[in-house]
1. For region 160-182, enumerate the residues that are outside any strand (DSSP E or B), over 13 Å from the mean Cα position of the chain (by Cα) and surrounded by fewer than 14 Cβ atoms within 10 Å (Cβ to Cβ).
2. If you go through region 137-144 one residue at a time, do you hit one that is closer than 21 Å to residue 38 by Cα and among the hydrophobic types (A, V, I, L, M, F, W, C)?
3. What pairs can you find where one residue is in region 42-63 and free of Cβ contacts under 8 Å to residues at least 60 places away in the same chain, the other is surrounded by 15 or more Cβ atoms within 10 Å (Cβ to Cβ), and their Cβ atoms are less than 6 Å apart, with a gap of 6+ or different chains?
4. Could you list all residues from region 134-159 that are over 10 Å from the mean Cα position of the chain (by Cα) and farther than 30 Å from residue 117 by Cβ?
5. Which members of region 25-78 meet the condition of being within 21 Å of the chain's Cα centre (by Cα) and farther than 28 Å from residue 176 by Cβ?
6. So, in region 62-107, exactly how many residues are of a type in the set (A, V, I, L, M, F, W, C) and in contact with a helix residue (DSSP H, G or I) (Cβ under 8 Å, 6 or more places away or on another chain)?
Amino acid sequence: MKLKLSLWVLLLSLIGANAHAGWWADGINFLREDIIDIYCRHNYDLYVPFYAWHNRLTYDREHLDRYNEHPWGAGFGISHLDDNGNWSGLYALGFKDSNSYFESYFGYARQWNWYAGEKNQWHAGVGYTLGLTQRHEYKYIPVPLPLPLVGIGYRNFEVHGAYIPGVSNDGNVMFMFARINF
């Protein structure tokens, strides 16, 4: 826990030290404009978490036997597709974590998509999500959690996966959820 907190403090310090760098300002401006677009031109999304795969190469049998891999819960969000067909969204999720305690995640996501099929109804993409999670181990204090994101979908239905990196018997989880756009 202290190591994770120390790493976050170091990361935020490095980012703060480079706050005047052009790439940082460009990234903040992109994020700000994208969130405004989401808010102004949004559709509604329903999220359903359904699987949390614990990487079998990084967990011992004792942990695998006791961890919950069915993070049932739900979430809600707003999102939009930009002019290039790339998806962005703001969302909130609540679900059972690996220890069967309640966990929440509030975040922003961006995914660059490629399209295929008749009328480009199939799509797949890669991106990231930036957000805050609240877990029982941290006494539900919000903890930043940026994650890589992948997705594959058909029309308004998509399955996403976000990988939570970690160490032996902690982290290293592929969190899977479905998203239905209305």
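No value in this document is a laboratory result; all are computed from the given coordinates. It should be emphasised that the depicted structure is a prediction, and the values quoted were computed from it without experimental measurement. Cβ: placed from backbone, ideal geometry, glycine included. Neighbour counts: every protein chain shown.
1. Result: 168, 182.
2. no
3. Pairs found: 42/78; 42/80.
4. The answer is 134, 135, 136, 137, 138, 139, 140, 141, 142, 143, 144.
5. The answer is 28, 29, 32, 33, 36.
6. 3
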